[in-house]
1. List the number of the failed condition for Thr261; all other conditions in (1) among the hydroxyl-bearing types (Ser, Thr, Tyr); (2) closer than 15 Å to Ala198 by Cβ; (3) surrounded by 12 or more Cβ atoms within 10 Å (Cβ to Cβ) hold.
2. What are the pairs, 6+ residues apart or on separate chains, where a residue within the stretch 45-72 that is under 15 Å from Val14 (Cα atoms) and more than 16 Å from the ligand (Cβ to nearest atom) has its Cβ under 7 Å from a residue that is part of a loop (DSSP other than H, G, I, E, B) and open to solvent by less than 70 Å² (accessible area, probe 1.4 Å)?
3. Which one of the conditions (1) open to solvent by less than 60 Å² (accessible area, probe 1.4 Å); (2) farther than 24 Å from Thr179 by Cα; (3) more than 14 Å from the ligand (Cβ to nearest atom) does Asp131 fail to meet, given that it meets all the rest?
4. Contact list please: Cβ distance under 6 Å, first residue in the stretch 140-157 and open to solvent by 20 Å² or more (accessible area, probe 1.4 Å) and aromatic (Phe, Trp, Tyr), second residue near the ligand (Cβ under 10 Å from one of its atoms) and assigned to a loop (DSSP other than H, G, I, E, B), pairs at least six apart or on different chains.
5. Only one of these is surrounded by fewer than 19 Cβ atoms within 10 Å (Cβ to Cβ) and either closer than 24 Å to Val35 by Cα or of a type in the set (Asp, Glu) (or both): Arg174, Arg185. Name it.
6. Against the conditions (1) within 25 Å of Ala31 (Cα to Cα); (2) more than 17 Å from the chain's Cα centre (by Cα); (3) within 11 Å of the ligand (Cβ to nearest atom), where does Asn145 fall short? Just the number, please.
7. Starting from the stretch 8-20, take each residue that is at positive phi and list its partners that are assigned to a loop (DSSP other than H, G, I, E, B) and within 6 Å of the ligand (Cβ to nearest atom), counting only C-beta distances under 7 angstrom and pairs at least six apart or across chains.
8. For the stretch 216-243, give me the residue count where each residue is under 30 Å from Arg282 (Cα atoms) and either under 25 Å from the mean Cα position of the chain (by Cα) or surrounded by 14 or more Cβ atoms within 10 Å (Cβ to Cβ) (or both).
Amino acid sequence: MSRGTTQTTLSVAVIGAGLMGHGIAQVMAQAGHHVAVTDTDPAVLGTATDRIARNLGEMGLALEPVLERVRLANTLAEAVTGADLVIEAAAEVVALKQALFVEAAAVAPPHATLASNTSVIPITLLGERLDEQARARLLGTHWWNPPHLIPLVEVIRTPFTRDDIVTRTVEVLRDAGKTTVVVQRDVTGFIGNRLNQAMWREALALIEAGVCDAETIDIVVKSSFGLRLPVLGPMENADLIGLELTRNLHALLFPDLSTATTPSSVIDEAIARGETGMKAGRGLRTWTAEQAEATRKRLAQHLLTLNRATPDRA
Ligand SMILES: NC(=O)c1ccc[n+]([C@@H]2O[C@H](COP(=O)([O-])OP(=O)(O)OC[C@H]3O[C@@H](n4cnc5c(N)ncnc54)[C@H](O)[C@@H]3O)[C@@H](O)[C@H]2O)c1
């Protein structure tokens, strides 16, 4: 990944070295920044470098220039001391994230940007325990899994975020090769997860109503509109088929779509049976360890190919 217009080498701290944190650290190191990663779980922290190395290998990139810029830090204070940019990618728990930002704001330099990678929690809520000065430096940077292969980062501003913090963060992310959009209102789930989870809600409602099983949902999505999505967004598609037809479809269909406001019983019942997903060998689908690993690898290869084929998605 080449350096862009800002050309400044930053000191970046990533809090949480799990699925997202290690990949975010990798992207920032690939962009030439010095990255300190921390995690309270020594087993997770201890494997972060290996996981980054594996990603780089899959991407056909040299390990050394990236890994030499990644430092493992045993404590949050050690990671954020001197950081220009702090990216929090710890567990999705409001109180935990609020406390982490209080701690990070106390240790990081007064100019540091404070960013959360929360999937859905409003950023304003995460800043509730910060003073005015720190709150003005807090925003959301919502990356997607796997962060080193999915281009988008949603940058979420709160009513308190300073304009220059938003502008600077967008520049830094773009220079790191990411596609950015600014979410102008701090709504739960931002843009991408609202769209994505609206589809998951309908999928689960179809299963619940006995229309089809989980495998069928995946076949339908992967063999139909899923194929179009990398080159034709839904708004482009609405224009392509014409807004009269689009309106007619909505008038007939919207009254019948799920408006559930609680998680699906399909998920609740699976969890109660211990069927929590790939790690458990069964979730909505059945998985051997080999199938789970093959799926992860297939996704990585597919995204690498797609990123080369369609670099510009604006
Ligand atoms: N998994 C995804 O697809 C995805 C996508 C976008 C955003 N997110 C968000 O990113 C965040 C991290 O998700 P993940 O999937 O990487 O989870 P994960 O469980 O893989 O990683 C979270 C890590 O945070 C660590 N942690 C917990 N408390 C900590 C603390 N006090 N200090 C430092 N580290 C701490 C945990 O030990 C764990 O290793 C969550 O907010 C999640 O909602 C996840």
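The values are calculated or read from the model by the stated rules, or taken from the named source; none is laboratory data. All values reported here derive from a predicted model rather than from experimental measurement. All Cβ positions, glycine included, derive from the backbone under ideal geometry; neighbour counts span all protein chains shown. Ligands, DNA and RNA are stripped out before the accessible areas are found, and what is left, the full protein with its side chains, is counted by its heavy atoms. Shrake-Rupley method; radii C 1.70, N 1.55, O 1.52, S 1.80 Å.
1. Of everything listed in (1) among the hydroxyl-bearing types (Ser, Thr, Tyr); (2) closer than 15 Å to Ala198 by Cβ; (3) surrounded by 12 or more Cβ atoms within 10 Å (Cβ to Cβ), Thr261 misses just condition (3).
2. As it stands, the answer is Arg69/His33, since those pairs meet every condition given.
3. Of everything listed in (1) open to solvent by less than 60 Å² (accessible area, probe 1.4 Å); (2) farther than 24 Å from Thr179 by Cα; (3) more than 14 Å from the ligand (Cβ to nearest atom), Asp131 misses just condition (1).
4. Trp144/Ile150
5. Being surrounded by fewer than 19 Cβ atoms within 10 Å (Cβ to Cβ) and either closer than 24 Å to Val35 by Cα or of a type in the set (Asp, Glu) (or both) holds for just one of Arg174, Arg185, which is Arg174.
6. (2)
7. From residues that are at positive phi, the pairs are Gly16/Asp39; Gly16/Ala89; Gly16/Ala90.
8. From the stretch 216-243, those under 30 Å from Arg282 (Cα atoms) are 216-230; that's our starting set.
Remaining after also requiring either under 25 Å from the mean Cα position of the chain (by Cα) or surrounded by 14 or more Cβ atoms within 10 Å (Cβ to Cβ) (or both): 217-230.
Of the residues in that region, 14 qualify.
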